[in-house]
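**Q** Below is the structure I would like to discuss, written out as C-alpha cells.
The values are calculated or read from the model by the stated rules, or taken from the named source; none is laboratory data. On a predicted model such as this, the values are computed, not experimentally measured, just so you know. Backbone-built Cβ (ideal geometry, glycine too); neighbour counts: all protein chains shown. The accessibility values were calculated without ligands, DNA or RNA, using every heavy atom of the protein model including side chains. Shrake-Rupley method; radii C 1.70, N 1.55, O 1.52, S 1.80 Å.
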Amino acid sequence: MGELEAPAVTVQIENPVCGDILRLSARFDKGRVAEAKYKVRGCTAAIASGSALTEWMLGKSRAELERLKAENIDEAVGGLIPESKHAAVLCIDGVRKLLIESAS
C-alpha cells in the first residue's frame with residue numbers, strides 16, 4: 001500500500017457509480033514492473049482487488065499488463081460477489097490508464 005515517487009508513474013481512476021477511487025503507482029525497469037503500490041478509497045472488495053493487482057503486476061511486462069482481465073483479479077481475490085465485480089473493473093481501468101501515462 002502507498003504511493004511511489006517519481007520516476008514512477010501514478011494514475012488515479014474513479015468509479016462514478018459507487019465512488020471508489022484507486023491510485024495506482026508503478027515503476028518500470030527494463031520494460032517490466034519493478035515496483036507497484038496502490039491506495040484505495042472504497043469498499044473492502046476494492047481494497048482487496050488493489051492489493052491483488054499490485055502483487056500480480058510485479059515482474060510483468062507491458063504486454064502482460066495489456067492482457068490482464070477483470071476475471072484475473074476476481075480469481076486472485078478468491079471470487080467477488082456480483083455486487084462487487086466493479087472492484088476488478090476499477091483495477092483494469094487503472095492498469096490501462098497506467099500503460100497510457102507511462103508510454104508518454
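**Q** Being of a type in the set (D, E, K, R) and out of contact with any strand residue (DSSP E or B) (no Cβ under 9 Å at 6 or more places or on another chain): is that true of residue 75 here? Quick ask: steps written out before the conclusion?
**A** On the way: of a type in the set (D, E, K, R): yes; out of contact with any strand residue (DSSP E or B) (no Cβ under 9 Å at 6 or more places or on another chain): yes.
The answer is yes for residue 75.
**Q** Can you find, within region 2-20, the residue that is most open to solvent (accessible area, probe 1.4 Å) among those that are among the charged types (D, E, K, R) and in a loop (DSSP other than H, G, I, E, B)? Step through it out loud before you land on a result.
**A** So the first thing to find is which residues in region 2-20 are among the charged types (D, E, K, R), and the list is 3, 5, 14, 20.
Cutting the leftovers down to in a loop (DSSP other than H, G, I, E, B) gives us 3, 5, 20.
On the way: 3: 75, 5: 155, 20: 8 Å².
Selected residue: 5.
**Q** Output the residue which, of all residues in region 21-64 that are in a loop (DSSP other than H, G, I, E, B) and of a type in the set (A, V, I, L, M, F, W, C), is nearest to the chain's Cα centre (by Cα).
**A** Among those residues, the one meeting the criterion is 58.
**Q** Among the candidates 35, 71, single out the residue that is of a type outside the set (A, V, I, L, M) and either farther than 23 Å from residue 2 by Cβ or open to solvent by less than 20 Å² (accessible area, probe 1.4 Å) (or both).
**A** So the residue among 35, 71 that is of a type outside the set (A, V, I, L, M) and either farther than 23 Å from residue 2 by Cβ or open to solvent by less than 20 Å² (accessible area, probe 1.4 Å) (or both) is 71.
**Q** When you go through 50, 42, 79 one by one, which is the residue that is of a type outside the set (A, V, I, L, M), at pLDDT 95 or above and surrounded by 14 or more Cβ atoms within 10 Å (Cβ to Cβ)?
**A** Answer to the selection: 50.
**Q** Those residues that are more than 9 Å from the chain's Cα centre (by Cα) and open to solvent by less than 20 Å² (accessible area, probe 1.4 Å), I need them from region 85-104; list them, please.
**A** Within region 85-104, 87, 99 meet the criteria.
**Q** Another question, then. Only one residue in 77, 33, 95, 40 is β-branched (Val, Ile, Thr) and in contact (Cβ under 8 Å) with a residue 40 or more places away in the chain. Which one?
**A** Result of the check over 77, 33, 95, 40: 95.
**Q** Okay, moving on. Tally up the residues in region 12-28 that are in contact with a Leu (Cβ under 8 Å, 6 or more places away or on another chain) and basic (Lys, Arg), please.
**A** Going through region 12-28 one residue at a time, the tally reaches 1.
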